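> Below is the structure I would like to discuss, written out as structure tokens.
The values are calculated or read from the model by the stated rules, or taken from the named source; none is laboratory data. Worth saying up front: this structure is predicted, and the values here are computed from it rather than measured. Neighbour counts run over all protein chains shown; Cβ positions are idealised from the backbone, glycine included. Side chains are part of the model used for accessible areas, which takes the heavy atoms of the whole protein and leaves out ligands, DNA and RNA. Shrake-Rupley method; radii C 1.70, N 1.55, O 1.52, S 1.80 Å.
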Amino acid sequence: MTVPATMSGVYLTGHGGPEMLTWREDIPVPHPGPGEALIKVLAAGVNNTDINTRVGWYAPDVTGATEEGDQGVEAGGWAGALNFPLIQGGDLCGEVVALGEGVTETCLGVRVICPINQPRPTAENPVAFEALGSEFDGAFAQFCVVPAGDLFDVTRSPLSDVELAAMPCAFGTAAGLLHRAGVARGQRVLITGASGGVGLAAVQLAAQMGAEVTGVASARKHAMVREEGARAMLDRDETPPEGHYHAVIDLVGGAGWGALIDALRPGGHYAVAGAIGGPMVEADLRRIYLRDITIHGCTYQPREVFGGLVDMINNGALRPRIAATFPVWEIARAQVEFQDKSHAGKLVLLPWRDRLGAETEEVSNG
């Protein structure tokens, strides 16, 4: 395809409320550097991390839930201070349309997804990482540049572009959590936030692995979580039974954290990748070390874990639940509805829909 000189998309101009999201139609299309690929964005998922970054929730001095961010922070990105304006969007389904130096031409025209974040160690900083839509511009625009080594081919997947855009963050994070916690067939697993994107993905993946899943969600969403594979459900304010689970997959944190530790069997594994209920938690350390509990903080997935997920995606073994789609320019409305938690399933943005709601260019649905 002929790549235009400019594109439309959404700039995040600083930390704060939705007013910090600015629609632009004159953004220069980026050029791929060595080892990079230019991606035409076909669809982009909406996630908690987008809102967390916007409000500066990752800053150490923000100690409450996501809605308690926006406190005048200056370094509220995953890795500290961000360079504004920034194009957010870590959930990407796209098509490779141009290549930087050193990238094989066999990538051209391929439909791709990628992990939302990857470690990028340097001699100066051995623990450095980069996240799409945080440390470099992401998918809330018509084009973005991604390191070619991060891309995975999903051309043969039966899923639509919208469905694929709902997979990397939710299912990638869920796969990483289950991998780190060593979840296996026959084990009992407790999953908090089970009606959200990552939670539903964890329920679906754990059930496919043969684990016995208990989900935690509001009562009105119990039936939907059961449809994804949960055998039992707990209400959000219900205390789980003590010493019952081989693994706890936690996406909530907050005041109930100590009860989650108590819910583990001796030798159990607790894996966390979210804290929407609040990042500051309290528990009895004796309940951790005397029972040999292992705690895993989970951000990345090893390449082989994400690659295994892609194999399942290409084979049609997984399908995300899509609640609604929005044009990218309606991102503020999409994020408000996301935070209302009224939807059951993922919200996805479409970058090739103009302000009149029409498609500016036909987008394949796979």
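> Identify the single condition in (1) open to solvent by 70 Å² or more (accessible area, probe 1.4 Å); (2) in a strand (DSSP E or B) that residue 101 does not satisfy, given that it satisfies every other one.
Going through the list (1) open to solvent by 70 Å² or more (accessible area, probe 1.4 Å); (2) in a strand (DSSP E or B), residue 101 breaks only (2).
Residues checked against (1) part of a helix (DSSP H, G or I); (2) within 24 Å of residue 65 (Cα to Cα); (3) of a type outside the set (Asp, Glu); (4) open to solvent by 50 Å² or more (accessible area, probe 1.4 Å):
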| site | (1), (2), (3), (4) |
| --- | --- |
| 176 | yes, yes, yes, no |
| 179 | yes, no, yes, yes |
| 183 | no, no, yes, no |
| 193 | no, yes, yes, no |
| 203 | yes, yes, yes, no |
| 237 | no, yes, no, yes |
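> Under 7 Å between Cβ atoms, at least 6 apart or on separate chains: pull out the pairs that start in segment 287-307 with a residue that is over 17 Å from residue 244 (Cα atoms) and end on any residue that is surrounded by fewer than 17 Cβ atoms within 10 Å (Cβ to Cβ).
Every condition considered, the pairs that remain are 300/119.
> Oh, and also: Can you tell me which of 224, 233 is at pLDDT below 95 and either within 20 Å of the chain's Cα centre (by Cα) or more than 23 Å from residue 299 (Cα to Cα) (or both)? Step through it out loud before you land on a result.
On the way: 233 fails: at pLDDT below 95.
Only one candidate passes the filter, namely 224.
> OK, next. Taking the condition more than 19 Å from residue 246 (Cα to Cα) and either assigned to a helix (DSSP H, G or I) or of a type in the set (Gly, Ala, Ser) (or both), does residue 326 pass?
no
> Within segment 20-30, track down each residue that is open to solvent by 50 Å² or more (accessible area, probe 1.4 Å) and free of Cβ contacts under 8 Å to residues at least 60 places away in the same chain.
Those that are open to solvent by 50 Å² or more (accessible area, probe 1.4 Å) and free of Cβ contacts under 8 Å to residues at least 60 places away in the same chain: 24, 25, 26, 28.
> May I pose another question? Is one or more of the residues making up segment 61-75 in a strand (DSSP E or B) and open to solvent by 10 Å² or more (accessible area, probe 1.4 Å)?
First, the residues of segment 61-75 that are in a strand (DSSP E or B): none.
Within segment 61-75 (the criterion being in a strand (DSSP E or B) and open to solvent by 10 Å² or more (accessible area, probe 1.4 Å)), the answer is no, since none of the residues qualifies.
> Same structure again: Quick check on my filter: what residues within segment 329-350 are open to solvent by less than 20 Å² (accessible area, probe 1.4 Å) and part of a helix (DSSP H, G or I)?
If the condition is that a residue be open to solvent by less than 20 Å² (accessible area, probe 1.4 Å) and part of a helix (DSSP H, G or I), then 331, 334, 335 are the ones that fit.
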